[in-house]
Amino acid sequence: MPVDSLQAEVQAALGEQYALERELPRGGMSRVFLATENALRRHVVIKVLAPELAASLSAER
């Protein structure tokens, strides 16, 4: 499965603490990734708000 630009950005932001494995089925407002927390060797879920929604939120919120 090719890595898209958002997945690459999320992995870069997480650094070496987490390793993204794959994207889970997405919803309308977010993208969800299965990842491994490297220090504890456990599976976690990383949920990312869709970029188009995040851009529309004001700083006042």
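Does residue 21 qualify as being under 13 Å from the mean Cα position of the chain (by Cα), at pLDDT 95 or above and among the charged types (D, E, K, R)?
Working: under 13 Å from the mean Cα position of the chain (by Cα): yes; at pLDDT 95 or above: yes; among the charged types (D, E, K, R): yes.
Judged against the criteria, residue 21 is a match.
How many residues are over 16 Å from residue 54 (Cα atoms) and surrounded by 13 or more Cβ atoms within 10 Å (Cβ to Cβ) when one looks only at the range 1-20?
The qualifying residues number 4.
What are the residue pairs meeting all of these: first residue in the range 24-45, first residue farther than 18 Å from residue 12 by Cα, second residue exposed (fewer than 11 other Cβ atoms within 10 Å of the Cβ) and of a type outside the set (Gly, Ala, Ser), Cβ atoms under 8 Å, and 6 or more apart or on different chains?
24/45
Could you give every pair whose Cβ atoms fall below 8 Å, whose first residue belongs to the range 4-16 and is under 13 Å from residue 32 (Cα atoms) and of a type outside the set (S, T, N, Q), and whose second residue is surrounded by 14 or more Cβ atoms within 10 Å (Cβ to Cβ) and modelled with pLDDT of 95 or more, counting only separations of at least 6 or pairs across chains?
10/20; 10/33; 10/46
The values are calculated or read from the model by the stated rules, or taken from the named source; none is laboratory data. Everything numeric here is computed off the predicted structure, so don't read it as measured data. Positions of Cβ are generated from backbone atoms using ideal geometry, with glycine treated the same way; all protein chains shown enter the neighbour counts.
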